[in-house]
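These notes concern the structure reproduced below.
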Amino acid sequence: MVVNSPSAMSRLPLPFLILGLLAAPFLAAYAEDTALEMRPIVPDGTEGSVKMKLESSSKDASPQVLSCGKEVLLDSSVVKSAKASSDPRNGWRVAVELTEKGRQQLKDATTQYQGQRIGIVSGGRLITAPMVNEPISGGRVEISGAFTETTARTLADIFMKGVKPETTDPAKKP
């Protein structure tokens, strides 16, 4: 399933959530702040919505102000893993794997908001707001953009904020 993906990218095996983030130094501040949340972008004036300036790494881009709904569609607590990686053909990216609960939440959110935007919020800041082109049901998402190694690793850290380390229950050992 694809969100904001150029057609050439749609042939890749994992669902792609193209956030359109460029090599953005502002990501480092988010890693310090808080876990990530996905919230719907709603019409201005929607009850309980909050206007947020869409962060941009481009100094030439005009700032865009969007209204984020109060409903949290999913957050970092449903992230199983997030890892930055690189390959010569596609550059740096972040591969995110969700828990079963997260997989269902993402499927529900991308089904409900198909054709609309979903805001990615961290530290009270709107990082990006990709358009949902179709539902994502696989539980794996790859985020790509013009990332440097630093920005890809920082974004992976933001996703990992809510991840609880796996613990071993001694009672369940053979």
Being assigned to a strand (DSSP E or B) and at pLDDT below 75 is the filter; apply it to region 131-174 and report the residue that is farthest from Val42 (Cα to Cα).
Ala146
Need at least 2 residues that are under 16 Å from the mean Cα position of the chain (by Cα) per element, so show me which strands (runs of 3 or more DSSP E) inside region 48-110 make the cut, counting only ones lying wholly within it.
79-87, 91-98
Taking Ala61 and the conditions (1) surrounded by fewer than 18 Cβ atoms within 10 Å (Cβ to Cβ); (2) small (Gly, Ala, Ser); (3) at negative phi; (4) modelled with pLDDT of 90 or more, which numbered condition does it fall short on, given that it satisfies the others?
(4)
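The values are calculated or read from the model by the stated rules, or taken from the named source; none is laboratory data. Nothing here was measured: the structure is a model prediction, and the numbers come from that model. When we count neighbours, we look across all protein chains shown, and the Cβ atoms used for this are built from the backbone with ideal geometry, even at glycine.
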